[in-house]
C-alpha cells in the first residue's frame, strides 16, 4: 500500500494568522496553497511573496496549486519561494513539458492539474514528466464546493495509465474531499488528498487529518483492483 498523503488546503484557514493555522495541522504531509489570479479562476488569493513568508514559518513542505493564466512565466517563482511541489493547469500552460522540466530542474516536484471536464487520455505521454497529476473534483476557484462524483471514473483511468507505464506519479484529488468522499477517491486510485473545509471546520484540525488518512486507507484497493 502506498503512503496515502493528506494535504490540507489553507484556503479555508484564517489568512491573518497563517503561521498559527499551519501549526494546527502538524501531522499533515504537505500544506496545499491555492494561488488564484482572478483571471484563470474568478477569485484572488495570494502570490509568491506570501508563499515565501509561509515557507519561513513552517517545516511542513508546501504544495502550490497555481490557478493562474500564465504558469509558464510564473511557476518557477514558486519553487524559488520555497515550495516543494508546484502544480500548473494544463488548460493554461503553453508548453507543459518544458514547464514540468523547469520545475523539476529547480528542485521541486512537478505536477499538472486537470479541470473536471478535461480528459486525462490526451496527456498519457506526459505522465513520465510529472511527479503528480491533480484531478480537480470541483470546478477550481472557490473552497467549500460539493464533490463531483463524475470525476471518479477519470481517477480510475488515470490510475490505470500510471500503472500501465510503471510510474511513481502520485494522483492527487482536490475539491469536496471529506470523510464522506475520501474513501471513494482512494478506492478509485487516488493517493494524495487535498482537504480544506473538512480540516479547518473541524474542532481539532490535526485530528481530522488523521481521521481522513485512516478513512482513505480503508478505501484503498491497490493498483491492480
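So is residue 173 part of a helix (DSSP H, G or I) and touching a residue at least 24 places away in the same chain (Cβ under 8 Å) or not?
No, not satisfied.
Yes/no per residue for (1) assigned to a loop (DSSP other than H, G, I, E, B); (2) touching a strand residue (DSSP E or B) at 6+ places or on another chain (Cβ under 6 Å):
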residue	(1), (2)
110	no, no
122	no, no
140	yes, yes
143	yes, no
166	yes, no
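Of the residues 25, 6, only one is in contact (Cβ under 8 Å) with a residue 60 or more places away in the chain and either farther than 24 Å from residue 139 by Cβ or assigned to a loop (DSSP other than H, G, I, E, B) (or both); which?
Numbers: 6 fails: either farther than 24 Å from residue 139 by Cβ or assigned to a loop (DSSP other than H, G, I, E, B) (or both).
Among 25, 6, only 25 is in contact (Cβ under 8 Å) with a residue 60 or more places away in the chain and either farther than 24 Å from residue 139 by Cβ or assigned to a loop (DSSP other than H, G, I, E, B) (or both).
Every residue in segment 180-190 that is in a loop (DSSP other than H, G, I, E, B) and farther than 11 Å from residue 152 by Cβ, please.
First, the residues of segment 180-190 that are in a loop (DSSP other than H, G, I, E, B): 180-181, 189-190.
The one that is in a loop (DSSP other than H, G, I, E, B) and farther than 11 Å from residue 152 by Cβ: 180.
Anything in segment 25-35 that is touching a helix residue (DSSP H, G or I) at 6+ places or on another chain (Cβ under 9 Å) and crowded, with 17+ Cβ neighbours inside 10 Å? List them, or say none. Spell out how you get there, then give the answer.
Here is the first cut: in segment 25-35, the ones touching a helix residue (DSSP H, G or I) at 6+ places or on another chain (Cβ under 9 Å) are 25-29, 31-35.
Of everything in segment 25-35, those that are touching a helix residue (DSSP H, G or I) at 6+ places or on another chain (Cβ under 9 Å) and crowded, with 17+ Cβ neighbours inside 10 Å turn out to be 25, 28, 29, 31, 32, 33, 34, 35.
Name the residues in segment 133-153 that are buried (at least 21 other Cβ atoms within 10 Å of the Cβ) and closer than 24 Å to residue 94 by Cβ, would you? Full working, then the answer.
Step one: of segment 133-153, the residues buried (at least 21 other Cβ atoms within 10 Å of the Cβ) are 133-137, 140, 151.
Answer for segment 133-153, where residues must be buried (at least 21 other Cβ atoms within 10 Å of the Cβ) and closer than 24 Å to residue 94 by Cβ: 133, 134, 135, 136, 140.
Is segment 191-202 home to any residue that is part of a loop (DSSP other than H, G, I, E, B) and more than 17 Å from the chain's Cα centre (by Cα)?
Taking segment 191-202 first, the residues part of a loop (DSSP other than H, G, I, E, B) are 191, 196, 201-202.
With more than 17 Å from the chain's Cα centre (by Cα) added as a condition, the list becomes 201-202.
Among the residues of segment 191-202, at least one is part of a loop (DSSP other than H, G, I, E, B) and more than 17 Å from the chain's Cα centre (by Cα), which makes the answer yes.
Here is a list of conditions, (1) touching a residue at least 60 places away in the same chain (Cβ under 8 Å); (2) surrounded by 15 or more Cβ atoms within 10 Å (Cβ to Cβ); (3) touching a helix residue (DSSP H, G or I) at 6+ places or on another chain (Cβ under 9 Å), and residue 65 meets all of them except one; can you say which number that is?
(3)
Sort through 94, 104, 98 and tell me the only one that's under 23 Å from residue 127 (Cβ atoms), assigned to a loop (DSSP other than H, G, I, E, B), touching a helix residue (DSSP H, G or I) at 6+ places or on another chain (Cβ under 9 Å) and touching a residue at least 12 places away in the same chain (Cβ under 8 Å).
Values: 104 fails: assigned to a loop (DSSP other than H, G, I, E, B); 98 fails: assigned to a loop (DSSP other than H, G, I, E, B).
Step by step, each of 94, 104, 98 is checked, and only 94 is under 23 Å from residue 127 (Cβ atoms), assigned to a loop (DSSP other than H, G, I, E, B), touching a helix residue (DSSP H, G or I) at 6+ places or on another chain (Cβ under 9 Å) and touching a residue at least 12 places away in the same chain (Cβ under 8 Å).
In segment 174-218, which residues are over 19 Å from residue 145 (Cα atoms), touching a helix residue (DSSP H, G or I) at 6+ places or on another chain (Cβ under 7 Å) and surrounded by fewer than 17 Cβ atoms within 10 Å (Cβ to Cβ)?
218
Of these, 101, 94, which one is surrounded by fewer than 14 Cβ atoms within 10 Å (Cβ to Cβ) and in contact with a strand residue (DSSP E or B) (Cβ under 8 Å, 6 or more places away or on another chain)?
Working: 94 fails: in contact with a strand residue (DSSP E or B) (Cβ under 8 Å, 6 or more places away or on another chain).
The conditions single out 101.
We did not get these values from a lab; they are worked out from the coordinates using the rules stated. It should be emphasised that the depicted structure is a prediction, and the values quoted were computed from it without experimental measurement. So basically every Cβ, Gly included, is an ideal-geometry build from the backbone, and we count neighbours across all protein chains shown.
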